[in-house]
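Structure record follows, encoded as structure tokens.
The values are calculated or read from the model by the stated rules, or taken from the named source; none is laboratory data. Just so it is clear, the model here is predicted, and its values are computed rather than measured. Don't worry about glycine lacking a Cβ; one is built from the backbone with ideal geometry, like all the others, and counts go over all protein chains shown.
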Amino acid sequence: MPYETFFKLPQEKQNKIISCAYKEFGENFYDKASIFLIAKKAGISRASLYCYFADKEDIFKHLASQILKPHIENIKSKNSLHPFQVSKQLFDYFMSFYNKPEQNFIIALLKNMTPKYIKYLTNDLSKNHFSKPCELIFDASKLDLKTQYDTSIISFTIVSNMALCLIQYFEGIKTKEDALMHFNRTLQILENEFLKRRIKYDTN
């Protein structure tokens with residue numbers, strides 16, 4: 001997370017640094033992102049940037065936490081929500097970043113949803129180090145499925161379809177209405193199949 005010196009900067013300067021960082025990570029993501037270019041675009045020296053953040057990973061984690069923290073807190077405040085409901089809420093939440101500085105960062109994040117980056121994201125959001133993207137979105141145990149395979153299939157399908165629909169919306173391939181319809185249809189099919197499996201298991 002940022003050093004205290006960052007929060008002592010004028011709000012306008014904080015916003016400028018964060019905006020430039022989102023732009024750089026959005027264009028080059030983590031491995032190719034440049035600390036030098038973030039500082040240059042923000043109109044400060046690289047040495048000054050290191051007075052505000054420890055390193056590139058620190059900046060990345062802060063950017064991601066600014067996006068994901070409200071969602072994580074929302075989940076914790078509504079423990080009774082079913083994973084399908086949580087998924088719909090998160091999808092709507094991500095869509096709200098359309099044409100905002102965070103948009104390309106989110107696209108890059110969705111295209112690079114690997115344990116390496118998930119771990120970066122969650123270090124400052126939770127005491128747990130999640131190993132699967134779905135764990136950022138919902139508690140899959142609430143599905144109460146009978147096999148781990150079923151849980152994995154449903155979780156992977158939700159996460160991958162969410163990422164695909166959001167990317168297509170952000171990149172102008174789908175309209176907002178089409179993206180919503182596609183994702184909601186996916187959830188509807190999964191939920192119907194989930195109920196069928198529950199009925200089958202319960203009657204055996």
Conditions (1) surrounded by 13 or more Cβ atoms within 10 Å (Cβ to Cβ); (2) in a loop (DSSP other than H, G, I, E, B); (3) modelled with pLDDT of 65 or more: number failed by Lys146: (3)
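Restricting to the stretch 1-56, name every residue that is acidic (Asp, Glu) and either within 15 Å of Ala108 (Cβ to Cβ) or in a loop (DSSP other than H, G, I, E, B) (or both).
Taking the stretch 1-56 first, the residues acidic (Asp, Glu) are 4, 12, 24, 27, 31, 55.
Result: Glu24, Glu27, Asp31, Asp55.
Taking the options Asp58, Asp92, name whichever one is under 15 Å from Thr186 (Cβ atoms) and either touching a helix residue (DSSP H, G or I) at 6+ places or on another chain (Cβ under 9 Å) or at pLDDT 90 or above (or both). I'd like the intermediate steps shown before the answer.
On the way: Asp58 fails: under 15 Å from Thr186 (Cβ atoms).
Result: Asp92 is the single residue among Asp58, Asp92 that is under 15 Å from Thr186 (Cβ atoms) and either touching a helix residue (DSSP H, G or I) at 6+ places or on another chain (Cβ under 9 Å) or at pLDDT 90 or above (or both).
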Residue that is surrounded by the fewest Cβ atoms within 10 Å (Cβ to Cβ) [pool: residues in the stretch 2-36 that are aliphatic (A, V, I, L, M) and touching a residue at least 40 places away in the same chain (Cβ under 8 Å)]: Leu9
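Do we have Ser155 as surrounded by fewer than 19 Cβ atoms within 10 Å (Cβ to Cβ) and either at pLDDT below 70 or assigned to a helix (DSSP H, G or I) (or both) here? Lay out the reasoning, then the answer.
On the way: surrounded by fewer than 19 Cβ atoms within 10 Å (Cβ to Cβ): no; either at pLDDT below 70 or assigned to a helix (DSSP H, G or I) (or both): yes.
In short, no.
Against the condition in contact with a helix residue (DSSP H, G or I) (Cβ under 9 Å, 6 or more places away or on another chain), closer than 30 Å to Asp178 by Cβ and in contact (Cβ under 8 Å) with a residue 60 or more places away in the chain, how does Ile67 come out, does it pass? Lay out the reasoning, then the answer.
Working: in contact with a helix residue (DSSP H, G or I) (Cβ under 9 Å, 6 or more places away or on another chain): yes; closer than 30 Å to Asp178 by Cβ: yes; in contact (Cβ under 8 Å) with a residue 60 or more places away in the chain: no.
No, not satisfied.
Would it be correct to say that Phe91 is part of a helix (DSSP H, G or I), over 24 Å from Met181 (Cβ atoms) and aromatic (Phe, Trp, Tyr)? It would help to see each step written out before you state the result.
On the way: part of a helix (DSSP H, G or I): yes; over 24 Å from Met181 (Cβ atoms): no; aromatic (Phe, Trp, Tyr): yes.
So Phe91 fails the test.
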